[in-house]
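Report on the following structure.
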Amino acid sequence: MKKSFFCFVFILLVIGQAFAQDNPFAKLDFIIGEWHGAGNGFGNSKSKIESGFKYVMGGKYIEVINDSKFEPTKKNPEGEHHIDKGFISYDKIRKVIVFRQFNIEGYVNQYVLNEELSNESELVFETEEIENFMPGGKAKWVIKKLSDNKLETKFHVSFPKKDYTCFGTNVLIKK
């Protein structure tokens, strides 16, 4: 009887591991939720941001929404309102996580998660394509887990033949 019980428990553990490995988004679970916070950079001094990451369509995708309101500056006395929306998916053929982001400014970024630079507390997405941007330009979006309830995001841009420059940083608190 005890032997059967241990065999049953072992089988459950093996099955559980198999299912866990089938979720390509497991390393992204720490970003799931509703977030709010503040940012700086992006050509403006300060911003308020609302962000959301949620599983949709039966867990096949992660929907991403970022809504930032920038304070007025001398160069932009009315302030600015930035919105981007997108989906994170898993490309089974290439075995990579892909993030397609649509920005209110008309840019469409297709990022790939850089597995070599990412780990359990930091995700590094690098563009493989940017629609409506200068040829040879690149972007990088980094999400860093500061704690279970706090994230830092950084957006970097590289112009042709130039190194990446950080354009802005956000610190987000889980709602």
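Remarks
- For region 129-141, Karplus couplings with θ = phi - 60° (6.51, -1.76, 1.60), whole Hz, Gly/Pro x: 8, 9, 8, 6, 10, 5, x, x, x, 9, 9, 9, 10
- Cα-based Rg / Dmax (Å) for region 46-130: 15.1, 49
- Total lysine pairs whose alpha carbons fall under 12 Å of each other in region 93-171 (8 or more apart, or interchain): 5
- For Tyr61, distant residues with modelled amide H under 5 Å away: Val56
- Vicinal HN-Hα couplings computed from phi for region 152-165 (Karplus, 6.51 cos²θ - 1.76 cosθ + 1.60; Hz; Gly/Pro x): 10, 10, 10, 10, 10, 10, 10, 7, x, 6, 10, 6, 5, 10
- For region 16-175, the solvent-accessible area with a 1.4 angstrom probe is 59 square angstrom per residue.
- Sparsely packed loop sites in region 69-175 (the GluC sites (Glu not before Pro) outside DSSP H, G, I, E and B with at most 15 other Cβ atoms within 10 Å) comprise Glu78, Glu105, Glu115, Glu116, Glu120.
- Structure-based [θ]222 nm, the chain - -39500 (n - 2.57) summed over DSSP H runs of at least 4, per residue, nearest 500: -4000 deg cm²/dmol
- Annotation: amide H-H contacts under 5 Å for Phe87 (H modelled 1.01 Å from N, sequence separation of 5 or more, or interchain): Val64, Arg100.
- Scanning residues 5 or more positions from Thr73 or on other chains, those with amide H under 5 Å from its amide H are Glu78, Gly79, with H placed 1.01 Å from N in the peptide plane.
- Spin-label zone in region 48-70 - amide nitrogen under 17 Å from a point set 7 Å from the Cα of Glu131 along the C-beta vector: 64
- Across region 46-56, computed HN-Hα scalar couplings (Karplus, 6.51 cos²θ - 1.76 cosθ + 1.60, θ = phi - 60°) run 9, 8, 10, 9, 10, 10, x, 10, 9, 5, 9 Hz from first to last residue, x flagging Gly and Pro.
- Count Lys and Arg as plus one, Asp and Glu as minus one, and take only other residues whose Cβ is under 12 Å from that of Cys166; the net charge is then 0.
- Pairwise centroid distance, computed over Cα atoms, of region 139-165 with region 64-98, Å: 12
- Net charge in the neighbourhood of Pro72 (other residues with Cβ under 14 Å of its Cβ; Lys, Arg +1, Asp, Glu -1) is +2.
- Each residue of the chain gets 147 Å³ once the volume of the Cα convex hull is shared out per residue.
- Based on C-alpha pairs under 8 angstrom that are at least 6 apart in sequence, the chain has a relative contact order of 17 percent.
The values are calculated or read from the model by the stated rules, or taken from the named source; none is laboratory data. Nothing here was measured: the structure is a model prediction, and the numbers come from that model. A quick note on method: Cβ atoms are made from the backbone with ideal geometry, for glycine too, and the neighbour counts reach across all protein chains shown. Side chains included, ligands, DNA and RNA excluded: accessible areas come from the protein's heavy atoms. Shrake-Rupley method; radii C 1.70, N 1.55, O 1.52, S 1.80 Å.
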